[in-house]
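**Student:** Can you read through this structure? Questions will come right after.
The values are calculated or read from the model by the stated rules, or taken from the named source; none is laboratory data. All of these numbers come straight from a predicted model, not from anything done at the bench. Neighbour counts run over all protein chains shown; Cβ positions are idealised from the backbone, glycine included. Side chains included, ligands, DNA and RNA excluded: accessible areas come from the protein's heavy atoms. Shrake-Rupley method; radii C 1.70, N 1.55, O 1.52, S 1.80 Å.
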Amino acid sequence: MPIAMLLLLAAGVGYFRLQQGPVLVNFLAASVKQGIDHGLPGLSASFDDVILTFADTGGLELRLRNLSLSEVGGDIVVAAPQAAIELHHGSLWSMHASPQRIELIEPRISLLYSRQSGFALSFSSEASIDPDMMPGQTPEADVIARTGGAIDVAALGRSAASYAEQVGSGSSTLREVGLRNATLLLDAEGRKTYWQVPRLLVDVEQKDGSNIVSGSARVSSSGRIWAASFRTEEKPAGGTLSVAASFDDVVPKEIAWALPGIDALEMLDTPMSAQVKADFGRNGELLAGALDVDVSGSRIRLMQMDRPLVEIDSGVLRLAYEPSAERFAIEPSRIGVGQHSYVVNGEAVNESGGDGGAIWAFSGRMTPASEEVGAKTRGAIQAAQVSGRFIADKEKVQIDEAKLALAGGHIGLHGELDLGDNGGAKWDGDFSGMPVRHLSAVWPKAIASGGRQWFRNNVTDGQVESGTISYLSGRHLEAQGDIKQNPAQFVIAMEVKDVVFTALTGLPSLSAERAVSRFENDKLELDLQAAAMDLGDGDVISIRDGKFVGSDMMGAAPSGQVTFKFSGPAGAVEKIADAPGLSGPLAVKERVPKGVSGKINGDATVGFPLGATLTQRELGYDIKANFTEGTVPGLLDGHDIKGASLEFHATPQAI
């Protein structure tokens, strides 16, 4: 029988055997161990078996069962229940089985973090972690494995670069190391969170005299997968080490849950991408750093708010770090908010001088992009600036000044934001000299969404003369004993002149020389000493002692009630009853005779939902009025009534 047929027969028998399960090939064990030990100086490999099996992709794969890598002293550095290996083809010609790739399969990794020591890493092949756990949950105590020394990024990069040099010189064949379906437990000063790493692969090579280490990973958290990649390059001639990394679809809020000291990132709850670059010197010192963050689609949400405070539609923030000056700089960066584009820049400098915790003094400025300057900026932000300090030890942001300049007016704020577990905020400010349409344009969606919508739809003109703002939450509100009823206290008071607004959609507008309003938590009060409603054809209803009260203004379905005294021509009643906003819900309109003339005055209370199309059931009213000098044509058998006087009381049930 030809040799080729014998080989095919042997291959067929072997394939059939593999279909029944993995095949032991322990005759390769000594050669594989020697190859790993030679490829990883300072470490010694041990494993139970070498097996040949089908890979997840369908091809053949060599695996090591219960692999562990130990230091010379015997401490286990890496352990996994299985590891996949790929043999270096060249070593087979010399009858060796030296791996060129090792992937640890389903290892359990413990990562310990503290703000003083940084990260420390260890592996375990026995820890059991619930696969249904999500970031923020606490696993069993025995999951925490032994941790080694702190991870020094620069030293780690140097070691990897040195190994790349060995690969380039041919003294080592192992050039790829990775993880497959790894489980990561992060213990950060008592915060224990669980992550999954479906794939991580690190490659080392020497190219054009440079030692290069590159890798990529996918990480799963909260049902979402984000990706990371990195590349380090050491140039022996200059002694510098360059590190570049990218992160895609990372949700900063999830990172903040896991790591203490960065609670400010909890305000960012949408996926973001970032590019990081850093240069290290010969002794591991950081020479320079840069960070580009794609903020497109980002939402900034403060605690106690169920909607975003700020939404950024597009843009990339470009940051640079100067280690010698301990200074972060936001280089001119363009962002898009709504229909407008702005340029943002600023800086943060460590003023602590090395004594105690860092104190970062920061300042920033935002101005319209060049093509926005001109007529288009009339309704947009003219400029914004902020300055303050971040006190790292207290996890506190102090805002000395935050100022928003609008066309003809400004909004100014100062206060503090506490980011710790018992956090909160305290803000005070003022605003003045702006058209009401500009105030409505910068009213955040997160604050009183229902009232905001009614304000934008119904208040059409007016000039804000003065106003004040205050906001309390968390520990700042606890001192007032109100935190159980309201998680936050928000108060705006303002005085407006020449205001024009529509109480109900479809009604004629009301105009007043002056109005005073106060918004507190979910309640809005508006006082009008005198106002007028122009119904056309010279018919004007005069309003006195008007008061509007809005309830549940922080919710999505606010309601309002207005009380007022009124006087004017009696024919106005007919016009109001026929107005689009009341023609459906006002039951009394069918009882208003046509062509009525005379005078009418009285008191009214009207209740209605805000921002909704009214129905008869939703509109409530109680009207008491005097009708004098009246003429009602054709009321009695076609005869007119003249000089009539009448008192009436109208409700939805009867007149």
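**Student:** With N denoting the number of residues in segment 235-297, provide Rg(C-alpha) divided by 2.2 N^0.38 Å, to two decimal places.
**Tutor:** Values: Rg = 15.0 Å, N = 63, 2.2 N^0.38 = 10.6 Å.
My calculation over the Cα atoms of segment 235-297 gives 1.41.
**Student:** For a quick check of understanding: with a 1.4 angstrom probe and all protein chains in place, what accessible area in square angstrom does Trp360 have, to the nearest ten?
**Tutor:** 50
**Student:** Then there's this: Around Thr193, under 9 Å between beta carbons, what's the net of Lys plus Arg minus Asp minus Glu among the other residues? Before the final figure, lay out the partial values.
**Tutor:** Details: positive: Arg191, Lys192; negative: Asp187, Glu254.
Net charge in that neighbourhood comes out at 0.
**Student:** Enumerate the amide H contacts of Leu507 below 5 Å, restricted to partners 5 or more residues apart or on another chain; note that Pro and chain-start residues carry no placed amide H.
**Tutor:** It is Gly581, by chain and number.
**Student:** Now a separate question. Leaving out ligands, DNA and RNA but keeping every protein chain, what accessible area does Ser470 have, in Å² rounded to the nearest 10, with a 1.4 Å probe?
**Tutor:** Approximately 30 Å² of Ser470 is accessible to the 1.4 Å probe.
**Student:** Probe 1.4 Å, all protein chains in place: accessible area of Lys523 in Å², nearest 10?
**Tutor:** Its accessible surface works out to 90 Å², give or take rounding.
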